[in-house]
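The structure under discussion appears below in the form of C-alpha cells.
The values are calculated or read from the model by the stated rules, or taken from the named source; none is laboratory data. Computed from a predicted model, the values in this text were never measured in an experiment. A quick note on method: Cβ atoms are made from the backbone with ideal geometry, for glycine too, and the neighbour counts reach across all protein chains shown. Accessible surface areas use protein heavy atoms only, side chains included; no ligands, DNA or RNA. Shrake-Rupley method; radii C 1.70, N 1.55, O 1.52, S 1.80 Å.
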Amino acid sequence: MKNKHTIPAIFVLILYSFLAVAPLIVLLLGPKLEGRPALLDISVGLGFIGLSVMTLQFVNSGRIKVLNKPFGTDLVYHYHRQIGIAAFFLVFMHPILLFILDSKYLRLLNIITAPLRAKAAVKSILLLIAVVWAAEYRQKIKISYQLWKTLHGILATMMVALALVHVFLVGNYVNLPWKKVLWIGYSALFVGMLTYTRIIYPLRLIKRSYLVKDIKKERGDVTTITLEPDHHKGFRFSPGQFTWLTAWKTPFSDTEHPFSIASSAERNDALELSIKNLGSFTEKIGSLNPGERVYVDGPYGSFNLDRFPEAERLVFIPGGIGITPIMSMIRTMADRGDQRPIILFYNNLNWETVTFREEVKNLESKLNLRTIFTIEKTTEKWKGESGFLNREILKRHIPKEWFRDGTDVFMCGPAPMMNAVENELLAIGYTQSQIHSEMYSFA
C-alpha cells in the first residue's frame, strides 16, 4: 500500500472498526440491570459484534469504489470471506453461552412453541450456517459459481433481516431512544445497501452499456472479445485491473463474471477481455456476435502497474491465462514508451497452448523486455526451461542486482503456482513488499 493510499485506508479502517463495535459500546454504556449475569452480557456483546459485522458485509461486497480504492477490490473480497468466518463464530457463541448460563434457553430451539423473537434468531443462525458452509465447500460439492452467488445473496439477506428482527423483538437493547437510533441506523444501512446494489447500480450499468466489436480466437482455448462503449466515454483503468462482465442478460440478473482487462490502458476507444474456456459461461463467450450488447462494471483491483510507479525494474510471472493482466501491462508500457527493464517468466503446460506468444516476442523489439518461457510438458525439440518455475530458474535469469529494492514482482495464475513461486522468490532474497499477486478467487 503506497503513501497516497495510507491516509484513506486508515480512515476507512477506523470507521469500519467503530461501526463494528458500536453495538458493544452501547451495551457497555447502557444502564446496568441489577442481578444480570455477566455471562449474559458477554453473550449479547458477541452477538452484537457478529451482527454488526454481518451487516457491514453488504458494504464490503458492494464495490463502493471510494472505500475499496485504498486496498483494492480483490483484497476487500478476500477480507470479506475471512471476516465472514470470524463473524460466524461470534454469532454462534451468543446462543452457546446462553445454554451454558441456563439450560432453560434450550427450549427456545423449539421453533413450534418458541416465541417469535426466538424463531427469528434460530432461523437466522441456520441461514448463517448455510451461507458459510456453501461458501467454504462450493467447489468441493460442485455448486456452480452463478447458482452459489445467487443463493449467497438471498440467504445472507434473509439471515441479517431475521437477526435484526430478533434484536427489535427482544427489546431490551432498543428500550432507550439512543439505542433505538443505533439499530435503526444499522437497519437503514442494510436496506440502503440492498437498494444500491440491486437497483441503483444496475440501472447505472444499463445506461453505460458496451457493444461487442470483434471476437478473436487465440491459442490455448482463449477468446478475446473487443468491446466499445455505446454512446459514452467508457472508463479509465490502470494496467492489471479487472472488470465484471454481464452477457446475454441485464445487470439485474446478477449473472456477472470477473475478467482481467487485456488491452492497453492508453486505449480509449475499446476494451479487450481475453477469456479462457473454463466453464459454462466462458465456453459460450465465442458465440457472442458483433453488435451484441453487454455490460461492464469496472475497473477494480489493486494488482496494477500504476500503483507502484517507483519500481525501477519489473519481473512478471504469469501462469496460463494469468498472462491477461500482464499483457495489459506490457502493451501499456509499449504505448507509453516505458523502457524500464522487464523480465517475463511465462509458464505454461505445453508450447502449443501459449497464448499471445507471438505478440510477446514482437513486443521485445519495442520494450526493454526479455522473455523466458517455462514449459511443464516438453518435447525433445524444446531447448528452453522446462518443469515448474523454481529458484534455480529464477536465479539463472535474474541478475544479482535485481534482488535489491527497486525491483517489483507481479504474479498472476493458479493459486498453487503463485504460492509455490512466492516461496521461491522469498528464498532467493525478495521481500513480501516486493511481490504483488492477483487474488483471483472471489468464492
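A few points about this structure:
- Taken one residue at a time, the phi angles of region 204-212 give Karplus couplings (6.51, -1.76, 1.60, θ = phi - 60°) of 5, 5, 4, 6, 10, 7, 10, 10, 5 Hz. Gly and Pro are set to x.
- Cα gyration tensor category, rounded, prolate or oblate, for region 203-283 with a/c compared to 1.5: oblate
- Relative to the dominant Cα principal axis of the chain, helix 415-427 is inclined by about 70°.
- Rg/Rh ratio calculated on Cα atoms of the chain (Kirkwood radius): 1.03
- Residues whose placed amide H lies under 5 Å from that of residue 316, excluding near-sequence neighbours: 343, 344, 345, 410
- With the simple model of a label 7 Å out from the Cα in the direction of the Cβ, residue 117 to residue 219 spans 6.8 nm.
- Euclidean distance between Cα centres, region 177-199 to region 298-331, Å: 38
- Of all the options 378, 224, 332, the one that moves most in a Gaussian network model of the chain with Cα springs shorter than 10 angstrom is 378.
- Alpha-carbon centroids, region 139-170 and region 108-137: separation in whole Å: 11
- From phi via Karplus (6.51, -1.76, 1.60), per-residue ³J(HN,Hα) for region 173-181 in Hz, x at Gly/Pro: 10, 10, 7, 10, x, 5, 6, 4, 4
- Alpha carbon centroid spacing (whole Å) that separates region 216-295 from region 13-27: 39
- Taking amide hydrogens as placed 1.01 Å from N in the peptide plane, the amide H of residue 292 sits under 5 Å from those of 212, each at least 5 positions away in sequence or on another chain.
- Counting only protein heavy atoms and a 1.4 Å probe, region 238-348 has 30 square angstrom of accessible area per residue.
- Phi to ³J(HN,Hα) by Karplus 6.51 cos²θ - 1.76 cosθ + 1.60 over region 247-256, Hz, x for Gly, Pro: 10, 6, 9, 8, x, 5, 6, 6, 10, 8
- If you run the Gaussian network model on the chain, springs between alpha carbon atoms under 10 Å, then out of 287, 264, 328 the most flexible one is 287.
- Measuring between alpha carbons in the structure, the pairs from 69/217; 142/216; 249/276; 216/361; 213/284 lying more than 22 angstrom apart are 69/217; 142/216.
- Apolar share of the accessible surface for the chain: 62 percent from carbon plus sulfur atoms, 1.4 Å probe.
- The Rg/Rh ratio of region 353-404, with Rg taken over Cα atoms and Rh as the Kirkwood radius over Cα pairs, comes to 1.00.
- With protein chains left intact and a 1.4 Å probe, residues in region 1-54 average 58 Å² of accessible area per residue.
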